Structures are given as structure tokens and as C-alpha cells.
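Engineer: Below are the C-alpha cells for one structure; questions will follow.
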Amino acid sequence: MRSFALEELNQDFSWLMGDLLEDAQNPATLKNDLYAPLIEVLRSRGPEIASKALEVFRGRESVGSVIAAFPDDLGKTVQDWHVQVLRLHQEFHQYSQIVRTREGDQKARARQRAYRELTTDREKAFVLSYLSETGILPSYQFPTDTFSLDPGVGDTPTLRRPAWIALFEFAPGNMVYANGHKLKSIRAFFEGGRRAAPDDRGAEQSGQVERFCFCHQCGFAARETANNCPRCANPISNQAEVALINSFEAEENTQITSAEDSRQRLTFKREEHLLDTEASEATLYPYEFVAMEFRSRAHLLVTNWGKHARRGGQGDRFDLCPNCGRHRPHGLADKKLEHWEENHRGICNGTPKPFILGYEFSADVLVLPVPAGIAPADKDEGRAFCRTLGKALVVGAQEVLEIEADEIAYFQHPDGAGGWTLVFYETAPGGAGYLELLAKNLGSWAGAAQGRLYNHDCERSCYRCLKSARNQFDHAMLNKELVRSVLFQLSEAQPTAIPRRGRAGEAQKLSIDWLAGLHKTVDAVPTSGTAIEEALLDAIRVGARLPEPVAQHSILGETGGLLTIPDFAYPERKIAIYCDGFAYHGNKETLESDARKRNALQMDGWAVLTFWGRQILRNPQACEAQVWQCFQYRRVSEEEEPA
Ligand SMILES: [Zn+2]
Ligand SMILES: [Zn+2]
Ligand SMILES: [Zn+2]
């Protein structure tokens with residue numbers, strides 16, 4: 001879309017980034033007459049270009065705002081670039097002047113190489129290449145914000161990764177391998193185009209450090225200071241100084257032994273938050289079970305809280321110098337600490353402070369509420385349920401839209417009312433329109449996820465369904481049995497109203513109300529459980545591919561006592577079938593105890609199929625097909641004798 005805008009301008013861009021400088025050898029002044037007119041033209045012709053672009057990218061709401069923001073985005077990119085070359089120039093002289101050591105030489109050479117790359121390199125500094133490298137123009141696939149890592153050695157060019165990945169892979173303290181070098185990330189830059197004056201290096205005045213408050217009860221996060229969460233009224237759990245990062249620097253580290261090396265592969269605490277307020281607009285997609293909420297270009301914040309101190313801990317943050325971005329590692333021994341301080345004082349007068357690293361961006365978002373009653377009540381189980389459901393729907397999206405795994409990401413938060421909120425976002429800024437398509441077609445989306453998860457035999461998860469190299473920290477939590485029923489219900493869920501405009505947060509309320517309404521109707525008019533069971537049994541017999549299930553099979557718990565009696569079961573395949581679903585004994589206590597029992601069954605390797613009465617009556621064949629899919633791929637278990 002942005003390259004479309006540049007094409008429309010019909011200007012000549014066959015110049016190098018270094019041409020932006022009055023003097024290529026001294027970056028002090030920008031030649032404003034080169035890029036300022038370009039930005040002016042973009043601004044004045046913006047509306048005209050936007051309406052042309054709308055014809056090309058039909059039905060994409062975000063076109064207008066992408067084009068409108070383009071002049072500013074471009075201006076900021078040029079400012080960031082200028083800050084970077086200024087710093088490299090200054091540091092090159094700094095390292096060339098101090099006593100010549102091998103280390104100082106290497107540092108000076110590295111800066112020379114990086115400076116050349118950014119200004120006169122025929123490949124990298126060519127203006128269109130630079131713009132696509134930084135992510136402002138689409139590179140090979142889609143436009144992505146990227147963060148760079150300057151390797152700090154003379155013979156290796158700058159590395160780039162998508163920002164939401166780089167925030168972890170390039171984080172200070174981490175090891176990175178490139179071109180035969182063992183590099184260690186030592187510095188995080190959060191200087192930026194929003195800074196007041198180019199020679200004032202204080203990050204705190206530059207708007208690149210901001211204080212955020214976070215509520216861990218409901219996932220609220222905002223740039224404000226509050227004692228109580230404006231959304232759920234609980235005390236605010238955390239306030240933190242967030243350093244909004246734009247690049248990293250590494251240096252060669254040859255002294256590291258292989259034992260230390262493996263210890264250097266750090267796991268960082270990752271958090272993701274939706275920053276929008278209740279005032280944001282959304283499109284609501286009300287279905288049975290869930291009402292989803294689509295938000296165009298919502299604001300998101302991804303944060304890296306530092307090394308996991310312990311499971312469930314807050315992360316130990318990063319001690320970074322606000323002036324130069326250098327990282328002072330935690331737990332340095334006295335001598336090493338002294339050495340670090342002395343080196344740092346030699347080049348900078350700042351004092352390190354604890355920060356968390358942040359990346360803020362806007363993207364299309366789909367909010368999927370998982371109210372209490374659908375998600376398990378226990379917090380750890382609820383988290384595992386959400387990690388699994390989110391990944392299942394991401395692989396489902398890959399299947400229906402034929403997209404790459406990384407194009408949609410997701411995270412979850414407790415919703416403050418005993419349930420959870422799952423948030424999906426497009427990793428391509430500007431938005432490809434995927435999430436809105438998925439919201440319109442929940443049935444085929446969830447159906448595709450079912451196909452990917454249950455068309456093969458694996459106990460909890462494998463690389464054919466839920467696992468990938470990227471989500472290895474989730475592997476222990478992923479268990480496809482946890483979401484078997486909910487995916488079926490979503491695949492069969494009918495819209496309860498046509499999509500409409502609404503407020504952010506409304507979908508959660510709609511979903512909770514729908515479930516409550518269901519229990520109320522059911523309490524008032526008790527459905528006959530028998531009629532529903534008979535309808536399912538009939539469908540199984542008509543289908544003529546499944547054997548007769550065992551009715552009222554008693555399943556014993558670990559201690560030998562009676563745990564539960566499903567309506568039907570295939571004990572030798574460990575399949576338990578419940579027909580009440582969310583139906584006739586709808587009071588809270590019964591529901592919770594049912595959910596606990598079913599969870600215990602799943603933990604013991606059972607597949608639990610829960611059918612909502614209305615779904616059985618409406619589409620018994622689909623329910624039979626669900627039982628058949630499960631039956632086909634479940635191995636006969638040796639523990640449980642056929643009854
Ligand atoms: Zn809250
Ligand atoms: Zn410093
Ligand atoms: Zn699998």
C-alpha cells in the first residue's frame with residue numbers, strides 16, 4: 001500500500017540514504033531539501049492517493065489511515081536513521097582516539113562498516129532497499145516492523161528480524177550467532193525520532209521511555225498512573241518504565257565456554273496487551289457461545305520483562321543506561337562489576353536503571369471472549385486451555401486462508417470475571433484483512449482447526465498439529481483434548497444476530513449474557529435429557545459406521561471411587577460422551593463440578609465429547625461425525641477393558 005503511494009508520486013528514488021547528508025563524511029546536517037519536499041507531496045496528495053488505493057485494495061478499511069500516517073512514518077524513519085548515523089560517527093571517533101587496543105580497533109571498525117552500510121553501500125543504502133529493510137515498505141512478503149542488531153564486528157552486516165521476535169531474540173544478555181561469530185547482545189537503543197533535539201541524548205526526554213500500568217486481573221494496560229484498574233477495579237498489579245526499543249547492538253564474545261553458552265540461552269517473560277480503551281469502536285460478530293469483536297488498527301504493546309526469575313514470576317528486567325543504552329548484566333561479581341562501571345564511565349556519564357523492553361504498534365485485532373463456564377475455572381488449567389485454543393485457531397486460520405504460521409499471533413488474559421479473553425492480531429501492520437474474514441466465517445475456521453488437530457493420532461500435541469519450534473515454551477501446556485468440544489461447538493455455532501458496530505469490550509458482555517440466558521431458559525423449561533440422548537443414539541445407528549456406545553458407563557477416579565457416569569462411552573478408546581452440554585442442570589455448582597470431573601478425565605487421557613442439546617436436535621449428523629472423527633483416531637487402550 002505504501003509502495004503503491006510511492007509509485008503514484010512518480011518520483012525518482014535512485015539515490016542513496018547518504019545523499020540525505022550535506023556532507024557524507026560528517027553527518028551533522030541533513031539536506032532537508034531532498035526529503036522534506038517528498039513528505040510534503042505525500043501529505044498534500046494523500047487524500048487523492050488514498051481514494052485511488054481504496055479502488056485497488058477494495059474493502060480494506062485501513063487504507064485511508066495507512067496512507068494518512070505515511071508522511072509521519074516516513075519522517076520518523078529518516079529521523080531514526082539520522083540519529084543512528086550520528087551516533088556511529090561519534091562512536092567511531094571515540095574508539096579511534098582512545099588508546100589503541102585490539103578491542104578498540106574492532107569497535108571502531110565495526111562502526112565504520114555500519115556507517116557505510118547506512119549511507120553509501122550500493123545495495124543496503126539504496127533508498128528503496130533501506131525503506132523496505134526497516135519495514136516501512138513491504139519486503140519480500142508483507143510490510144513488517146523490524147529491529148536491527150548491529151553485530152559489532154567489521155565483517156558482518158547488520159541483522160534484522162521482525163520486531164515482535166527481535167524484542168526477545170536480540171534482547172541484551174542473549175547470544176546470537178552470525179557469520180561464524182558468537183555474539184552477545186550488549187545494548188538496546190531507545191533513542192528515537194520523537195526526541196526533542198538531536199544532541200540531547202536523554203532517552204527519558206525523547207518519549208521513548210514511558211510509564212505504563214498493568215492489571216494482571218483483567219489484562220488492562222495503559223499509559224496512565226492509577227491505583228485501581230479502571231476496567232475491573234482491582235488494585236493495579238504493576239507499574240513499569242517501558243523502554244520503546246528500535247535497535248540492538250552486540251559484540252563478539254569469544255571467552256564464553258560451551259557450558260556458559262547453554263546458560264546464555266535465556267527465556268524471557270513475554271507479555272502482550274491491547275492498549276485500547278473502552279471508547280474504541282469495534283465490529284461485533286455475535287454467535288452462539290461467543291460474540292467476537294473485530295477492531296481495525298488497534299494499539300498493541302509487546303513487552304519483554306527480562307529473565308524469568310521463577311515460574312509465574314515477574315521477570316528481572318534489564319538494567320540499561322538511559323543515555324547510551326548499554327546493558328549492565330545482573331549478578332556481576334564485584335571485580336567484573338567494577339570493570340563494567342569503569343569502562344562505562346570512560347565513554348558515558350549515565351547511570352543504568354531497570355527497564356522492561358517494549359514494542360508498540362497498531363494492527364487488526366480479533367477479540368474472542370472465553371467466559372467462565374467455557375474455560376476451566378482453575379487458573380493454570382484455564383491458561384493451558386487458552387494457549388491450546390488460540391494455537392488451534394491459528395493453525396485453523398493457516399488452513400483456511402493458506403497463510404504462514406507467523407501471520408497471526410495471539411495472547412490471552414483473565415477477563416476479570418472468572419473467564420478469559422483471547423486476542424488474535426495480524427503481525428503485518430496495516431492489516432491483510434484476515435481476521436475479519438475469519439470472524440465472518442467462524443464455522444469453517446473452527447472446522448479447519450478440528451481437521452488439523454484430530455485427523456491423526458497423537459496424545460496431547462505434536463508437530464503435525466499444535467507444536468512448532470516457535471512455541472516450545474508452550475509445549476508442556478498444549479493438549480488438544482482440552483479444546484475438542486469447544487472447537488466442535490464453535491464449528492456448529494450459528495450467528496445470533498447480524499454483525500454490528502459497537503464498543504470495545506461489548507463482546508465479552510454479550511458472550512456472558514448469552515451463556516446466562518441459556519441457563520435461564522433451560523432452568524425454566526427442563527429439556528428431557530432422554531430425548532436428546534435418543535436423538536444422538538439414533539444418529540449413531542443411522543450413520544452405521546460406529547459400534548453401539550456403552551450407556552451409563554461408570555468411570556472410577558484415582559482413589560477407586562466413582563468419578564463420573566457419561567451418557568455414552570467407548571471405554572476401550574477412552575471416549576466419554578455427555579449430551580447435556582450446557583443444558584438442563586444449569587446451576588453454577590453443578591456446572592463447576594461437572595467441569596472439574598471432565599477435566600480430570602482429560603488429564604487421565606480420555607477424550608471428552610460434550611454436546612449441547614440444541615446442537616444434537618438441530619444437526620444430529622454433525623454430532624455423529626464428531627464422534628466418528630474421535631473414534632477413528634483413538635487407539636484402543638489396554639488399561640480399560642471393554643465393558
Ligand atoms: Zn483490571
Ligand atoms: Zn551510558
Ligand atoms: Zn498432533
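Derivation of every value follows stated rules applied to the coordinates shown; laboratory data play no part. Fair warning: this is a prediction, and the values are worked out from it, not measured in the lab. Virtual Cβ from ideal backbone geometry, glycine too; neighbours counted across all protein chains shown.
Engineer: Could I have the simple spin-label model distance between GLN106 and TRP628, label points 7 Å from Cα toward Cβ, reported in nm to one decimal?
Structural biologist: 6.6 nm
Engineer: Using a Förster radius of 51 Å, what is the FRET efficiency between SER468 and GLU55 based on their Cβ-Cβ separation? Nearest 0.05, please.
Structural biologist: My answer for the efficiency is 0.85.
Engineer: While we're here: Among 342-354, 323-335, how do they line up from the highest to the lowest mean number of other beta-carbon atoms within 10 Å?
Structural biologist: Highest-to-lowest ranking by the protection proxy: 323-335, 342-354.
Engineer: Calculate, for LEU128 and ALA417, the FRET efficiency according to 1/(1 + (r/R0)^6) with r their C-beta to C-beta distance and R0 56 Å; round to the nearest 0.05.
Structural biologist: Plugging the Cβ-Cβ distance into 1/(1 + (r/R0)^6) gives 0.65.
Engineer: Further question: For LYS184, LYS31, what's the fewest-to-most ordering of other Cβ within 10 Å of each Cβ?
Structural biologist: Neighbour counts put them in this order, fewest first: LYS31, LYS184.
Engineer: Apply 1/(1 + (r/R0)^6) to the Cβ-Cβ distance of SER65 and VAL41, taking R0 = 22 Å, and write down the FRET efficiency to the nearest 0.05.
Structural biologist: For R0 = 22 Å, the calculated efficiency reads 0.70.
Engineer: Full-extension gain between HIS456 and LYS182, please, as 0.36 nm times their residue separation minus the C-alpha to C-alpha distance.
Structural biologist: Stretched fully, the HIS456-LYS182 segment lengthens by 94.6 nm.
Engineer: Given 0.36 nm per residue, what is the gain on full extension from ALA476 to GLN552 after removing their alpha carbon distance, in nm?
Structural biologist: Extra length from ALA476 to GLN552 when fully extended: 24.1 nm.
Engineer: Which loop GluC sites (Glu not before Pro) in the range 418-515, with loop taken from DSSP, have no more than 11 other Cβ atoms within 10 angstrom of their Cβ?
Structural biologist: GLU459
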